1. Among the residues of the stretch 97-113, write down those that are among the aromatic types (Phe, Trp, Tyr) and touching a Pro at 6+ places or on another chain (Cβ under 7 Å).
2. Taking the condition within 20 Å of residue 127 (Cα to Cα), acidic (Asp, Glu) and over 11 Å from the mean Cα position of the chain (by Cα), does residue 44 pass?
3. Does the stretch 100-112 contain any residue that is modelled with pLDDT under 95, farther than 23 Å from residue 43 by Cβ and not in a strand (DSSP E or B)?
4. I'd like the full set of residues that are surrounded by fewer than 18 Cβ atoms within 10 Å (Cβ to Cβ), of a type in the set (Gly, Ala, Ser) and either in contact (Cβ under 8 Å) with a residue 24 or more places away in the chain or within 20 Å of residue 127 (Cα to Cα) (or both), limited to the stretch 78-114.
5. Just checking, how many residues over the stretch 35-93 are assigned to a helix (DSSP H, G or I) and either among the hydroxyl-bearing types (Ser, Thr, Tyr) or in contact with a Lys or Arg (Cβ under 6 Å, 6 or more places away or on another chain) (or both)?
Amino acid sequence: MDSAVSPFKNGNARGQTTAVAAALVLLAVGQGCAPVSADTDLKDTFFSQFVDTKLVRSEGHTTFKSDGTFFGEAFGGSLQGEWEWKNNQFCRSGSFDSDPFPYACEKVTISGTELTLSGPDGAFTYTRP
């Protein structure tokens, strides 16, 4: 996918939507939990609290499935793709409607019921309902 143009860097609404939707598919943590910092705790918390759970943001919703796929809706379009946990980061590739977005890994931060994914295209925070 090196030759693909990243929809995240073009500054248009579609690129921003893709970044938001991709992150949407991710994490959030159980109520009352302290910030997670240790690598093992972060992975365990991610898998126990956010995998196979519908995650929401004002723009839509996303679900990361335990089989390594994700799906959702954002800004009136559909989101789908594949994800993996690699080097203590959330890594994904997929498409928003018919526009592909390339493989990228994002730093994961969990605090309380909030999940923040930070990558080359910015940071996005989500809350688990």
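1. The one that is among the aromatic types (Phe, Trp, Tyr) and touching a Pro at 6+ places or on another chain (Cβ under 7 Å): 101.
2. So residue 44 fits the description; yes.
3. No: the stretch 100-112 contains no residue that is modelled with pLDDT under 95, farther than 23 Å from residue 43 by Cβ and not in a strand (DSSP E or B).
4. 78, 93, 111, 112
5. 3
The values are calculated or read from the model by the stated rules, or taken from the named source; none is laboratory data. Everything numeric in this text was worked out from a predicted model, so none of it was measured. Heads up, the Cβs are rebuilt from the backbone with ideal geometry, glycines too, and the neighbour counts pull from every protein chain shown.
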